[in-house]
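Following: one structure in structure tokens, then a few remarks.
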Amino acid sequence: MSIFVTGGAGYIGSHTVLELLRERYNVVVIDNFVNSSRACVERVKNLAGRDFTFYEGDVRDKALLAKIFTTHNIDCVIHFAGLKAVGESISIPLSYYDNNLNSTLALCQAMNKYGVKRIIFSSSATVYSGDNEMPLRETSKTGDCSCPYGWTKYMCEQILRDASFANKDWSVVLLRYFNPLGADKSGDIGEDPSGIPNNLVPYIAQAAIGRREFLPLYGGDYPTPDGTCIRDYIHVADLASGHMAAIRYCESHTGAKEFNLGTGKGTSVLEMISSFENATGVKINYKIMDRRPGDLPVSYADPSLAKKELGWSAQKSIINMCADTWRWQKQNPHGFN
Ligand code: NAD
Ligand code: UD1
């Protein structure tokens with residue numbers, strides 16, 4: 001069975017490609033390296049001990065998609081490619097709408113043309129509105145997104161729902177990831193943010209290795225037990241296995257379906273700092289700063305639908321996530337380069 005992975009050189013994509021190779025799928029990857037590195041592709045091949053076909057290019061390039069869909073007998077698409085930085089999406093919204101929407105449209109058009117009927121899409125907890133009760137269920141309110149990035153995920157979900165409505169034999173799985181972290185246990189691949197990290201744990205890891213003087217902790221006066229925000233952190237390897245479950249689901253279902261991929265457990269920023277310290281033995285310096293605009297006090301998933309329908313649930317603990325992040329960071333203090 002052949003799986004076409006867009007954005008397969010990126011953080012979640014590379015861990016999923018590794019899992020696909022380990023599960024003996026044939027894998028075809030496209031990435032334009034706008035936020036990733038060639039070195040990652042080589043490391044995945046070495047870790048898996050298997051080769052795969054890699055195309056350097058843009059998912060919006062229709063001629064390249066035509067070449068890929070006619071060269072390979074694709075059974076299923078996993079669409080990771082996209083721009084994902086919340087703050088950047090507010091500064092350059094048109095680039096976000098162009099990249100994220102047009103890549104999804106180009107893929108759907110190619111699937112239509114070449115008779116590919118299964119697609120798994122990287123959506124996000126960011127599609128949920130800010131006024132929902134916790135935990136977030138797939139039926140919770142969506143929209144009112146806080147940034148253009150969130151709207152692109154919301155709109156891509158709708159594009160894919162409409163495409164599956166018009167093509168009754170399509171199977172569309174919309175995976176809403178919560179907060180991914182961690183790395184492959186080898187420490188050879190992991191998250192390698194360019195510039196100053198936006199997300200909590202990459203920042204903690206860079207503070208621990210000495211690349212950042214201290215962690216700016218955004219807000220210590222939230223209405224939570226310790227005053228810091230609560231999130232649902234999930235190991236990237238658990239996310240990768242969620243995609244394996246989604247591939248199997250697509251084989252026996254049609255239509256479009258949303259699933260939360262989270263653990264269902266909330267962890268505060270202060271709890272994350274102390275877990276990282278416990279897992280690594282490294283002290284993290286932090287300073288409490290003003291709140292970051294747009295942050296919700298609490299966000300965590302109800303992951304029971306994925307358990308029931310996909311037969312999937314997250315297995316790894318916060319300590320696993322911290323230890324694996326730290327192994328990657330220590331072995332690669334400056335990321336892939
Ligand atoms: P990433 O930036 O590491 O990976 C995305 C990959 O897509 C990169 O390798 C990039 O070079 C590539 N890419 C982007 N636009 C492209 C295009 N037009 N053509 C070809 N390649 C392109 O991000 P990630 O963390 O691995 O996220 C993967 C997906 O999951 C994204 O769609 C992201 O929005 C979504 N997601 C991520 C998170 C998270 O916290 N990491 C949370 C929820 C959803
Ligand atoms: C962010 C994105 C969200 C995306 C999610 C998963 C924002 C507003 N939202 O959410 O769209 O789906 O990542 O990738 O960026 N924190 C610090 N110091 C830091 C970084 C973060 O204190 O240097 C705090 C934040 O204020 C927040 C928590 O850590 O309370 C988690 O932040 P982050 O890792 O950015 O994830 P989200 O805010 O959940």
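Numbers at a glance
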{"item": "Of residues in the stretch 103-128 being among the small types (Gly, Ala, Ser) and either in a helix (DSSP H, G or I) or buried (at least 16 other Cβ atoms within 10 Å of the Cβ) (or both), the one farthest from ligand 1 (Cβ to nearest atom)", "result": "Ala110"}
{"item": "Members of the stretch 157-167 found to be among the β-branched types (Val, Ile, Thr) and either within 10 Å of Leu239 (Cα to Cα) or crowded, with 21+ Cβ neighbours inside 10 Å (or both), listed by number", "result": "none"}
{"item": "Qualifying residue in the stretch 168-191 (condition: within 13 Å of ligand 2 (Cβ to nearest atom), under 26 Å from Met289 (Cβ atoms), in a helix (DSSP H, G or I) and open to solvent by less than 20 Å² (accessible area, probe 1.4 Å))", "result": "no"}
{"item": "Whichever residue in the stretch 192-202 is open to solvent by less than 40 Å² (accessible area, probe 1.4 Å) and not hydrophobic (A, V, I, L, M, F, W, C) and, among such residues, is farthest from ligand 2 (Cβ to nearest atom)", "result": "Pro193"}
{"item": "Within the stretch 312-337, considering residues that are among the hydrophobic types (A, V, I, L, M, F, W, C) and assigned to a helix (DSSP H, G or I), the one nearest to the chain's Cα centre (by Cα)", "result": "Met321"}
{"item": "Filter result for Lys283 (assigned to a loop (DSSP other than H, G, I, E, B), more than 10 Å from ligand 2 (Cβ to nearest atom) and at negative phi)", "result": "yes"}
{"item": "Residue check, Ala205 over 21 Å from Val269 (Cα atoms), assigned to a helix (DSSP H, G or I), of a type in the set (Gly, Ala, Ser) and open to solvent by less than 10 Å² (accessible area, probe 1.4 Å)", "result": "no"}
{"item": "Residues satisfying the stated conditions in the stretch 129-156, i.e. over 17 Å from the mean Cα position of the chain (by Cα) and free of Cβ contacts under 8 Å to residues at least 40 places away in the same chain", "result": "Ser129, Asp131, Asn132, Glu133, Thr139, Ser140, Lys141, Thr142, Gly143, Asp144, Cys145"}
{"item": "Of residues in the stretch 144-167 being touching a strand residue (DSSP E or B) at 6+ places or on another chain (Cβ under 6 Å) and charged (D, E, K, R), the one nearest to ligand 2 (Cβ to nearest atom)", "result": "Lys153"}
{"item": "Residues (open to solvent by 30 Å² or more (accessible area, probe 1.4 Å) and within 16 Å of ligand 1 (Cβ to nearest atom)) located in the stretch 268-302", "result": "Arg292, Gly294, Asp295, Leu296, Tyr300"}
{"item": "Residue within the stretch 116-130 that is over 20 Å from Leu20 (Cβ atoms), of a type outside the set (Lys, Arg) and away from ligand 2 (no atom under 14 Å from the Cβ) present", "result": "no"}
{"item": "Single residue of Tyr203, Tyr233 found to be free of Cβ contacts under 8 Å to residues at least 24 places away in the same chain and within 19 Å of the chain's Cα centre (by Cα)", "result": "Tyr203"}
{"item": "Selection status of Ile288, closer than 28 Å to Asp188 by Cβ and within 12 Å of ligand 2 (Cβ to nearest atom)", "result": "no"}
{"item": "Enumeration of residues in the stretch 254-280 that are acidic (Asp, Glu) and within 13 Å of ligand 2 (Cβ to nearest atom)", "result": "Glu271"}
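The values are calculated or read from the model by the stated rules, or taken from the named source; none is laboratory data. The model shown is predicted, which means the values in this text are computed figures rather than measured ones. Every residue, glycine among them, receives a Cβ derived from its backbone with ideal geometry; neighbour counts consider all protein chains shown. The area values use the complete protein model at the heavy-atom level, side chains included, leaving out ligands, DNA and RNA. Shrake-Rupley method; radii C 1.70, N 1.55, O 1.52, S 1.80 Å.
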